[in-house]
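This structure is in structure tokens; I'll ask about it shortly.
No value in this document is a laboratory result; all are computed from the given coordinates. Quick caveat: nothing in here was measured; it's all calculated off a predicted structure. Note: ideal-geometry Cβ built from the backbone for every residue, glycine included; neighbour counts use all protein chains shown.
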Amino acid sequence: MTATIIDGKAIAADLRARVAEGVAAFRQSAGRVPGLAVVLVGEDPASAVYVRSKGRATREAGMESIEHRLPADTDTETLLALVRSLNADPAVDGILVQLPLPKPVDTQAVLLAIDPDKDVDGFHPVNAGRLATGMPGFVPCTPLGCVMMLKTVHPDLTGMDAVVVGRSNIVGKPMAQLLIAESCTVTVAHSRTRDLPAKVRAADVVIAAVGIPALVKGDWIRPGATVIDVGINRTEAGLVGDVDYAAASQVAGAITPVPGGVGPMTIACLLSNTLDSARRRG
Ligand code: GUN
């Protein structure tokens, strides 16, 4: 059996079209357009590519992209001052500080300074707490996109066994919270987990988010399981996910490709979070 390919590009295009409609309606009723501020510090080439595509997608959705590019030697105080000015700016509905920041910068201090009600990345501890306790708030874009893709295969996830491989604050932990909220039974595994293949084999839903190329092998996948591959690893062989796609796609029921899976959904969810913020702020 060959797995159904979950087409992240198509699902993201759908969501982006719905956001663009929402933006047009918001513009009519509020008399302004939603604004997303993106802060890029330094010259990291991957970050520069992400920021450029976020800016383009923001404009395509009819929103304003407010871009701040700062030199690599920017200090923490300068960044904090910029974040505070964006917090106070009524034209800014969402603030995204592209990570990773250069080493000397105090990343935690910068993320803490962002107004939780403009934190469209969902990285502020207040939003992590809201997610963990079922209160409305911003959910990190990548796990949010993963749940949307999962729901194209399983509209009701109730009672399913899910394994999340990876425990990062940005993906693994919020992913587990979202799956718990969907009434899945969730195992959070990671690089130090004992007998990882057995944990993965027990799962109906596998989320791979550890950043190790092709870690999850085809014979770890339960036949018919749904596999979401969050990994974007640059290797000599090109862009590779955390799942051995060639083998896993022969066993899984449905699987996301890399590229063209989770990646496009992350940006679409960022736009969706920014529109939500504008609606809440009016
Ligand atoms: N770096 C890699 N992914 C992300 C993301 O989703 N948000 C931010 N702010 N930085 C990132």
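With the cut-off at 25 Å, tell me which of the pairs K118/K151; K103/K199; K151/K199; K54/K118; K173/K217 have Cα atoms farther apart than that.
The pairs that break the limit, which is 25 Å between Cα atoms, are K118/K151; K103/K199.
Please flag any cysteine in the chain that has no other cysteine's Cβ under 4.7 angstrom from its own Cβ.
C146, C184
Follow-up. Express the Stokes-Einstein translational diffusion coefficient of the range 46-107 in µm² s⁻¹, to the nearest whole number, given a Kirkwood radius over alpha-carbon pairs, 10 °C and a viscosity of 1.306 mPa s.
Answer, rounded: 124 µm²/s.
Oh, and also: Would you mind giving the three semi-axes, in whole Å and largest first, of the ellipsoid equivalent to the range 1-44 according to its Cα gyration tensor?
Value: 30, 22, 4 Å, ordered largest first.
For every helix of n ≥ 4 consecutive DSSP H residues, a contribution of -39,500 (n - 2.57) applies; sum these over the chain, divide by its total residues, and give [θ] at 222 nm rounded to the nearest 500 deg cm²/dmol.
Helix contribution divided over all residues of the chain: -13500 deg cm²/dmol.
I would also like to ask the following. Given Cα pairs under 8 Å that are at least 6 residues apart, what percent is the relative contact order of the chain?
The normalised contact order for the chain reaches 23 percent.
Provide, for q = 0.08, 0.10, 0.12 Å⁻¹, the log10 of I(q)/I(0) from a solvent-free Debye sum over equal Cα point scatterers in the chain.
Result of the Debye calculation: -0.34, -0.53, -0.76.
Largest first and to the nearest Å, give the Cα extent of the range 34-184 along each principal axis.
49, 33, 31
Give the Cα extents of the range 1-113 along the principal axes, in whole Å, largest first.
48, 48, 21
Shifting gears a bit: What list do you get for C146, C184, C141 if you sort them by fewest beta carbons within 10 Å?
Fewest-to-most ranking of C146, C184, C141: C184, C141, C146.
In nm², what is the average projected area of the convex hull enclosing the Cα atoms of the range 90-157?
Here the figure is 6.1 nm², rounded to one decimal.
For the chain, take the longest principal axis of its alpha carbons; what is the angle in degrees between that and the long axis of helix 45-60, to the nearest 10 within 0 to 90?
Approximately 70 degrees, to the nearest ten.
If you bin the C-alpha pair distances of the range 177-282 every 10 Å from 0, what whole percents do you get?
14, 40, 31, 11, 4, 0
Along the range 215-222, what does the Karplus equation 6.51 cos²θ - 1.76 cosθ + 1.60 (θ = phi - 60°) give for ³J(HN,Hα), rounded to whole Hz, x for Gly and Pro?
Working through the residues one at a time gives 4, 7, 8, x, 7, 8, 8, 5 Hz.
Where in the chain lies the longest segment free of GluC sites (Glu not before Pro) that are both loop residues by DSSP (not H, G, I, E, B) and have at most 13 other Cβ atoms within 10 Å?
So the longest stretch without any such site is 44-235.
Additional query: Considering the dipole of the range 136-282 built from charges on the beta carbon (Lys and Arg +1, Asp and Glu -1) around the Cα centre, which of T187, L271, V227 is farthest to its positive end?
Highest projection toward the positive end goes to L271.
Assuming 0.36 nm per residue, please report the length gained on full extension of the stretch A81 to R194 beyond their Cα-Cα distance.
Length gained between A81 and R194: 36.2 nm.
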